[in-house]
1. Are any of the residues in segment 275-283 within 14 Å of the ligand (Cβ to nearest atom) and over 17 Å from the mean Cα position of the chain (by Cα)?
2. Which one of these is more than 22 Å from residue 262 (Cα to Cα) and of a type in the set (Val, Ile, Thr): 293, 308, 281, 359?
3. Looking at (1) modelled with pLDDT of 95 or more; (2) surrounded by 15 or more Cβ atoms within 10 Å (Cβ to Cβ); (3) among the small types (Gly, Ala, Ser), find the lone condition where residue 59 falls short.
4. Test residue 224 against the criterion of being on the phi > 0 side of the Ramachandran plot, part of a helix (DSSP H, G or I) and either in contact (Cβ under 8 Å) with a residue 40 or more places away in the chain or touching a Lys or Arg at 6+ places or on another chain (Cβ under 9 Å) (or both), and give yes or no.
5. With respect to residue 70, determine if the residue is within 26 Å of residue 319 (Cα to Cα), among the aliphatic types (A, V, I, L, M) and surrounded by 22 or more Cβ atoms within 10 Å (Cβ to Cβ).
6. Anything in segment 1-31 that is assigned to a strand (DSSP E or B) and either surrounded by 18 or more Cβ atoms within 10 Å (Cβ to Cβ) or in contact with a His (Cβ under 6 Å, 6 or more places away or on another chain) (or both)? List them, or say none.
7. Where in segment 67-178 are there strands (runs of 3 or more DSSP E), lying wholly inside it, with at least 1 residues that are in contact (Cβ under 8 Å) with a residue 24 or more places away in the chain, within 12 Å of the ligand (Cβ to nearest atom) and closer than 21 Å to residue 258 by Cα?
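The values are calculated or read from the model by the stated rules, or taken from the named source; none is laboratory data. Since the structure is predicted, the reported quantities are computational estimates derived from the model, not experimental observations. Cβ: placed from backbone, ideal geometry, glycine included. Neighbour counts: every protein chain shown.
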Amino acid sequence: TTVGVLRETAGRERRVALTPDGVARLRKLDVAVLVEAGAGARAWFEDIGYEGAGAVVAGRDRVYADSDVLLCLHPPDDVAACRPGQVLIGLLNPRSNRDLMQRLATAGVTVISLDLLPRTLSRAQAMDALTSQANVAGYKAALLAAEAYSGFFPMLMTAAGTTRPAQVLVLGAGVAGLQAIATARRLGALVTGYDVREAARADIASTGATVLAGPERTGKEGEGGYARELSDDEQSAQQSALDEAIPRFDVIITTAQVPGRPAPRLVSENALSKMRPGSVVIDLAAAPDGGNVEGSIPDTRTVTDAGVTVIGAANLASTVPGAASTAYARNALALLTHLMPRGEVVLDLDDEILAAVVVSHGGALTRKEIRS
Ligand code: NAD
C-alpha cells in the first residue's frame, strides 16, 4: 500500500497532513509513503526530512497517480485527479461541500472525513482531529488577544505602579474555548467563561475560571454532546444577558458552534459599541456568512468607531503549523492504523468508526445527511 501526502492548496493554509515522524511510523508498518514536494515547507518540515524518514518526495501528478490512500486537510482544489478506488482522507467538511462529495462519489473515490468522527467514543479519541486542531486554535486565540489588547493580561507591580489584570470573557467552552481559558489564565488574566451546555459550565469551573452569571442556565445539550440551536426566546434572553455583560470585559474570545447550523450570534453591534476603546474581540467562528461577532470578517482585523479591535480568526490552527500538523498527523495515523490493520485497506462499514467517517464508497454517498 502507498500513502500519498498532498500539499495543501488553500491560500493561507500552512499545515501538512503528515510529518516526517508520521512517515517513519508508517514505514514501520511497511507502508510506502509518497510526499508531494514542498508539502510541509510552510510548517517547517522540509522535503529532506521526509526523505530521511523513508518517504519518496515526488511531483503532485505522481502522488495522485501512485497512491492508494491520499492524505490532506482541506479538500484539494484538483480532486478530479483522484482515481476510482482511491481513498481520500481529510477534514473535508462534507456537510458544507455536498457537490464536491457527490463528484468524488461518482468518480468512485472512497472519501473519509475526520470531522464526522464519533467523538465521544473513547476508541476514536486518538483520531479526533477536530479536537486536536481546536486545541491549537484556542491556545493561539489567547495569544492573539494578548497581542492585540492595549493593556497587560497580568497584574503587574512595578515601581511605576500596579496594573489591573485584563478581564477576559470566553464564549463557548468546548475544546477551543477551554484551551483559550487555560492559556489566558496562564498569562495572568482574570477569565470568565460561558456556554449553553451544563457540562461545559462544569468544565469552565474546573479550570478555575469564573462561570458567567446572567444568561439563563438550563442545559442546551443536543446530539453527541454538542449544543443545539437555541429557540428564538432562548436566543433573545441570551442576547440581552450578553449585551449587558460584554461591556465589562477587556477581551472577548468567541468559539461557539452548533453542528450543521450557522454559528450563533453572541456579540452584537450594540454590545461592541459599549466596550472600552483598546479592547479586543476575537471570533474563532468567523465565516463569510457570519460568525459569533456581528461584523467580524474571516482572517481580517478591523477597528470599530469605538476603538474596539475585532479579529475574525477562522483558521488559527494553521498559524501554529508545526504543532497543528504534528497533532493532525497523529490523528491521521491512528485512523490509518484502524483502516489498514495489516498494511492493506480493509473497509469494514459495520465498524462504528468507519461507518461514521466514510462519506462515499463504491460509487455512492454512504451518509444520508450528505446526499443533497
Ligand atoms: P463546538 O466547536 O461544536 O462548539 C463550541 C462550543 O460552543 C460548545 O461547547 C457549544 O456548547 C458552545 N455553544 C454552542 N452554541 C452556543 C451558544 N448559543 N452560546 C454559548 N455557547 C454555545 O464544540 P467542540 O469544542 O467541538 O466540542 C463539542 C462537544 O464535544 C463537547 O461536549 C466536547 O466535550 C465534546 N467532545 C468530546 C470528546 C470526547 O468525549 N472525547 C472529544 C471532543 C469533544
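1. No.
2. Values: 293 fails: more than 22 Å from residue 262 (Cα to Cα); 281 fails: more than 22 Å from residue 262 (Cα to Cα); 359 fails: more than 22 Å from residue 262 (Cα to Cα).
Of the residues listed, the single one that is more than 22 Å from residue 262 (Cα to Cα) and of a type in the set (Val, Ile, Thr) is 308.
3. It is condition (2) that residue 59 fails.
4. Details: on the phi > 0 side of the Ramachandran plot: yes; part of a helix (DSSP H, G or I): yes; either in contact (Cβ under 8 Å) with a residue 40 or more places away in the chain or touching a Lys or Arg at 6+ places or on another chain (Cβ under 9 Å) (or both): yes.
Judged against the criteria, residue 224 is a match.
5. Values: within 26 Å of residue 319 (Cα to Cα): yes; among the aliphatic types (A, V, I, L, M): yes; surrounded by 22 or more Cβ atoms within 10 Å (Cβ to Cβ): yes.
Yes; evaluated as a whole, the condition is true for this residue.
6. Going residue by residue through segment 1-31, those that are assigned to a strand (DSSP E or B) are 2-5.
Those that are assigned to a strand (DSSP E or B) and either surrounded by 18 or more Cβ atoms within 10 Å (Cβ to Cβ) or in contact with a His (Cβ under 6 Å, 6 or more places away or on another chain) (or both): 3, 4, 5.
7. 167-171
One line per residue, one yes/no per condition, for (1) within 16 Å of the ligand (Cβ to nearest atom); (2) on the phi < 0 side of the Ramachandran plot; (3) free of Cβ contacts under 8 Å to residues at least 60 places away in the same chain; (4) of a type in the set (D, E, K, R):
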| position | (1), (2), (3), (4) |
| --- | --- |
| 270 | no, yes, yes, no |
| 292 | yes, yes, no, no |
| 347 | no, yes, no, no |
| 357 | yes, yes, no, no |
